[in-house]
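**Q** I'd like to ask you about the structure that follows.
Derivation of every value follows stated rules applied to the coordinates shown; laboratory data play no part. It should be emphasised that the depicted structure is a prediction, and the values quoted were computed from it without experimental measurement. Cβ: placed from backbone, ideal geometry, glycine included. Neighbour counts: every protein chain shown.
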Amino acid sequence: MNRDAIETLMDRWMNEPAFRAEMRANPEAAVKASGIELTEDEQAALKGIDFSLSDEELQARVSKFG
Amino acid sequence: MTKSADTAVGMTCETASALTSAEAFAQENTPTEAMRELLALAFAGFRSAAAEMDAECDGAPFVHLPLNVYAAVAGCWEPALPVAAATAMLYLGLDIFDDLADGDLPAHWTGRRPAEINLVAATLLSALPQLAIARLHAPADARAAMLQEIFEGLLTMSAGQQQDLAFAGSSEVSTEEVHASVNRKSGAEMGMFAALGALLAGAPAEQVHLYREVGRAFGIAGQLASDMHDLFVAERSMDLANGTRTLPIALCLDRYAGQEREGFIALLRSAQSSTSAADRMREEIKASGAARYCAFVIEVQCRRALRLLAETATIGEPRHRLERMIASASLYRGATIEKGEPR
């Protein structure tokens, strides 16, 4: 797993409203345009993530045992 | 997953059977009445937690992971029940050790000395499961391989737990170190459970390796999700109270610098003894975006588990069950299965 890539991605998500909007609209295109290189598993994860969820909605989905 | 008729708490049939079998084995092989009483207390106290895990994970993984892997290779799960009883004992022993380390013992231990509880955990972890494996009706080489799997798994987990304890209260913990610790603790645990099912079923070495890695990725995802629950959802964060350094905290420590970092560390220290400081700490970590980072990492591990599962020969219902279990760790559950690897 390429943690630097995920951290860079999440840093930009947190700090750049325009990038956040691009990610919500089309995450695969936004990542490709950013030049961030993801592994096969990270790309698969990216496709499954619902970037429209707010932080609160995301935290509400966490279960006790995973 | 089948609902059990013999338990009032809604446990699955498989989990109820494994726990009943494990308790009977422990009672039959423990030489003194006093020790049998302590073990009975441990099993009785564990049943509600096991039922809760059954509901949340689409089958408690410490039972359903070895059973489903066995079924994936051999076609049915029933012959693997003694292995699931052994993994249930291992899980229970680890759970008791965790509770002791965290100072978070459940009410059923009230009035018992920590040394006695420690003894129960040690017995469940290092004597009974190995005896159960040694007595399996399986070829000698399969039993030897399973015992080796347990010993190697426990050694790895022990090293992970030591790292976890060493990080407690520290401000010099990186995300890399937390990842390594979670991999050794929870990754190795679930990897071992999955591998035991494959070994009993007589799977070839490369298939055993794949199932171990499926379990490892699932174990990492589940532990990270559980750590998120403690920090973001639980009424009181035991990790903050104990100074445990989980991934969201390590991420903030990695990111912050200068005065911001000093302030964060001071608040972390206060959060160990002050409820209001712990509340402020939780709000700060929530605002940092750490939850989204952790959710992504969890999703990556779930996808890895699904990809590796697709590389095994697993088909049919056991595969669906394993997929659902893996997806239970994801915060994007629906999409994890729908958009997972093609069947």
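**Q** Find the lysine pairs in the protein assembly as shown meeting two conditions, Cα atoms under 25 Å apart and a separation of 8 or more places or different chains, and report how many there are.
**A** Summing the qualifying lysine pairs gives 9.
**Q** Explain nothing, just the number: dipole magnitude of chain A about its Cα centre with +1 on each Lys and Arg Cβ and -1 on each Asp and Glu Cβ, in debye rounded to the nearest 20.
**A** On the way: 8 positive and 14 negative charges, 34 e Å.
The dipole of chain A has a size of about 160 debye.
**Q** Under a crude label model (7 Å from the Cα following the beta-carbon direction), how far is residue B:131 from residue B:158 in nanometres?
**A** Roughly 2.0 nm, to one decimal.
**Q** Name the residue farthest towards the positive end of the dipole of chain B from the options B:274, B:77, B:11, assuming +1 on Cβ of Lys and Arg, -1 on Cβ of Asp and Glu, about the Cα centre.
**A** B:77
**Q** Calculate the all-directions average of the projected area of the stretch A:1-50's alpha-carbon convex hull, and give it in nm². Could you put the intermediate results ahead of the total?
**A** Working: hull surface 12.3 nm².
So the Cα hull casts an average projection of 3.1 nm².
**Q** What is the dipole size for the stretch B:8-327, taken about its Cα centre, with +1 at each Lys and Arg Cβ and -1 at each Asp and Glu Cβ, in debye to the nearest 20?
**A** Values: 25 positive and 40 negative charges, 57 e Å.
Around 280 debye, computed over the stretch B:8-327.
**Q** Still on this structure: What ranking do A:19, B:151, B:62, B:46 get, fewest neighbouring Cβ atoms within 10 angstrom at the top?
**A** Numbers: A:19 18, B:151 13, B:62 26, B:46 22.
Lowest count first: B:151, A:19, B:46, B:62.
**Q** A further question on this structure: Post the alpha-carbon centroid distance, the stretch B:272-302 to the stretch B:25-67, in whole angstrom.
**A** Value for the Cα centre distance between the two parts: 31 Å.
**Q** Taking the 0 to 90 degree range and rounding to the nearest ten, how far is the long axis of helix B:33-56 tilted relative to the main principal axis of chain B, both from C-alpha atoms?
**A** Relative to chain B, helix B:33-56 is tipped by roughly 70 degrees.
**Q** Return the FRET efficiency for the residue pair residue B:172, residue A:60: r is the Cβ-Cβ distance, R0 is 41 Å, and the value is rounded to the nearest 0.05. Mind showing how you got there, number by number?
**A** Numbers: r = 32 Å, r/R0 = 0.79.
It comes out at approximately 0.80.
**Q** Between B:211, B:182, B:35, whose Cα lies farthest towards the positive end of the dipole of the stretch B:8-327 when Lys and Arg beta carbons carry +1 and Asp and Glu beta carbons carry -1, centred on the Cα centre?
**A** B:211
**Q** Still on this structure: If you take the charge dipole of the stretch A:15-66 about its Cα centre, with +1 on Lys and Arg Cβ and -1 on Asp and Glu Cβ, which of A:62, A:35, A:51 is farthest toward its positive end?
**A** Most positive-ward Cα: A:62.
**Q** What FRET efficiency do you get for residue B:29 and residue A:20 if R0 is 56 Å and r is their Cβ-Cβ distance, rounded to the nearest 0.05? Don't jump to the answer; show the numbers that get you there.
**A** Numbers: r = 58 Å, r/R0 = 1.04.
Efficiency for this residue pair is about 0.45.
**Q** Which whole-number percent is the relative contact order of the stretch B:8-327 (Cα, under 8 Å, 6+ apart)?
**A** Values: 435 pairs, mean separation 59.1, N = 320.
Relative contact order here is 18 percent.
**Q** Against the empirical 2.2 N^0.38 Å scaling, what ratio does the C-alpha Rg of the stretch B:168-316 come to? Could you put the intermediate results ahead of the total?
**A** Working: Rg = 17.8 Å, N = 149, 2.2 N^0.38 = 14.7 Å.
For the stretch B:168-316, the normalised Cα radius of gyration comes out at 1.21.
**Q** Still on this structure, I have one more. Which value at 222 nm does the protein assembly as shown reach when only helices count, each DSSP H run of 4 or more adding -39,500 (n - 2.57), with the total divided by all residues and rounded to the nearest 500 deg cm²/dmol?
**A** Values: 22 runs with 300 residues, N = 409.
Computed mean residue ellipticity for the protein assembly as shown: -23500 deg cm²/dmol.
**Q** In addition: Comparing B:14, B:33, B:283, which has the greatest mean-square fluctuation in the GNM of chain B with Cα pairs linked when under 10 Å apart?
**A** Its mean-square fluctuation being the largest, the pick is B:33.
**Q** OK, next. Going by how many other beta carbons lie within 10 Å of each one, how would you line up B:320, B:137, fewest first? Let's see the in-between values first.
**A** Numbers: B:320 14, B:137 7.
Result, fewest neighbours first: B:137, B:320.
**Q** How would B:120, B:63 line up from fewest to most surrounding beta-carbon atoms within 10 angstrom?
**A** Least to most surrounded, the residues fall as B:120, B:63.
**Q** Can you tell me the alpha carbon radius of gyration of the protein assembly as shown divided by the globular rule-of-thumb value 2.2 N^0.38 Å? Could you put the intermediate results ahead of the total?
**A** Values: Rg = 21.3 Å, N = 409, 2.2 N^0.38 = 21.6 Å.
Rg over 2.2 N^0.38 Å, computed on Cα atoms: 0.98.
**Q** A follow-up question, please. Could you bin all the Cα-Cα distances of the stretch B:8-327 into 10 Å bins starting at 0 and give me the percent of pairs in each, rounded to whole numbers?
**A** P(r) for the stretch B:8-327, in whole percents per bin: 6, 26, 33, 23, 10, 2, 0.
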